[in-house]
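First up is the structure itself, then whatever we jot down about it.
The values are calculated or read from the model by the stated rules, or taken from the named source; none is laboratory data. Note that the structure is a prediction, hence the values are computed from the model and not measured. FYI the Cβ positions are ideal-geometry reconstructions off the backbone, even for glycines, and counts take in every protein chain you see. Side chains are part of the model used for accessible areas, which takes the heavy atoms of the whole protein and leaves out ligands, DNA and RNA. Shrake-Rupley method; radii C 1.70, N 1.55, O 1.52, S 1.80 Å.
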Amino acid sequence: MDRQFDVVIIGAGPAGLTAAIYATRANLSAAVVEEGAPGGKLVKTYEIENYPGIKKIAGVDLAIELMEHGLSFGAQLESGTVTAVEDDGENKIVRLADGRSLKARAVIVATGTKERELDLPEAQRFTGRGISYCAVCDGAFYRNQDVVVIGGGNSALEESLYLTSLVNKVYIVIRRDQFRAEASVVDKVLANDKIEIIYKHLPESLIIEDDKITGIMLKSVEDGSLRKVACSGIFPYIGADASTSFLDKSLLDERGYLLVNSDMSTSHPGIYGAGDVCQKDLRQVVTATNDGAIAANSVIKYLQKH
Ligand code: NAP
């Protein structure tokens, strides 16, 4: 039989765990479904310097604090991948890939985003052995070696700074002559003599010798000329897409982000959104926790009415 909750929260990142705190402190029964490690993107982030009240904290440490706090008022953590959210008129039914399903009167979608993968021949085969999407997890494999980071957003630049503590040299490849990251991070990168920026280039192909990555070929966006960079590791940080494949398309914008109102409600009664998965301008831990609190508060009001 499906287990019944007042609210099922999908995703145990900062948004989902904050929603869990607010919902359970209001005496709602809540399940938090997570397919990976609780903490969301924090788990893959070296350091956080812009969460108010905490000047500096390792991403994984904040993830652990949030998880302990998020579950401390009785929310149940459920490991699983959500494949669909259905509505039987009275309840939402959250279906999981392993065949289980959870019933709830309301659902909060807080599934965040998934990093975009490098679209080059052989890239998938070398993921985990030369290509990595997590500097914090894999950086130590490239100690004293040269690595290439692709992208000019906050993730690329912050993780490049982390990598300089381990590797010999970091090449950052960006496709424009401007970064997308915050100015303070750009300044730190430009001042770091272990980092070389390669402007106006795109990845063209992997260089593979003896079944190992030994470099990457880059193509100039200006004149199409090729440039070879020798490296043993490649860290693509080229943005992310909303994790919304299990949701009805009518709830999403054209890029797949969840459309929400200011109270975090979606167009489907009883389904709410929170965090990076939503269409929004600023994706930060602090905006995710803000969304989680508002979404839970809206669920409390919705359940009082219905
Ligand atoms: P992002 O901000 O979207 O940056 C993606 C970068 O990859 C951009 O420089 C983009 O170039 C480049 N890019 C995209 N597609 C590419 C391709 N096919 N080939 C080469 N380069 C490509 O992504 P993000 O850094 O992962 O950040 C995601 C969100 O999380 C952002 O809202 C960010 O602010 C937030 N975030 C915040 C923090 C923090 O506040 N501490 C830390 C991490 C992330 P263009 O600029 O030319 O488009």
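Structure summary
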{"quantity": "For T244: the one exception among (1) free of Cβ contacts under 8 Å to residues at least 40 places away in the same chain; (2) part of a loop (DSSP other than H, G, I, E, B); (3) open to solvent by less than 70 Å² (accessible area, probe 1.4 Å)", "calculated": "(1)"}
{"quantity": "All strands (runs of 3 or more DSSP E) inside the stretch 166-214 with 3 or more residues being more than 16 Å from S155 (Cβ to Cβ) and in contact (Cβ under 8 Å) with a residue 40 or more places away in the chain", "calculated": "201-209"}
{"quantity": "Extreme residue, farthest from the ligand (Cβ to nearest atom), among residues of the stretch 162-182 that are open to solvent by 70 Å² or more (accessible area, probe 1.4 Å) and of a type outside the set (D, E)", "calculated": "N168"}
{"quantity": "Residue in the stretch 8-21 that is of a type outside the set (F, W, Y) and without any contact (Cβ under 8 Å) to a residue 40 or more places away in the chain present", "calculated": "no"}
{"quantity": "Where a residue in the stretch 140-158 is on the phi > 0 side of the Ramachandran plot and its partner, wherever it lies, is more than 11 Å from the ligand (Cβ to nearest atom) and part of a loop (DSSP other than H, G, I, E, B), with Cβ under 7 Å and at least six apart", "calculated": "N144/V167; N144/N168"}
{"quantity": "Looking only at the stretch 269-306, and only at residues there that are among the acidic types (D, E) and assigned to a helix (DSSP H, G or I), the one that is least open to solvent (accessible area, probe 1.4 Å)", "calculated": "D291"}
{"quantity": "Residue list for the stretch 81-104, filter: farther than 30 Å from F235 by Cβ, open to solvent by less than 80 Å² (accessible area, probe 1.4 Å) and not β-branched (V, I, T)", "calculated": "A84, E86, D87, G89, N91, K92, L96, G99, S101, L102, K103, A104"}
{"quantity": "Some residue of the stretch 119-128 being more than 23 Å from Y272 (Cα to Cα), aliphatic (A, V, I, L, M), within 16 Å of the ligand (Cβ to nearest atom) and touching a Ser or Thr at 6+ places or on another chain (Cβ under 8 Å)", "calculated": "yes"}
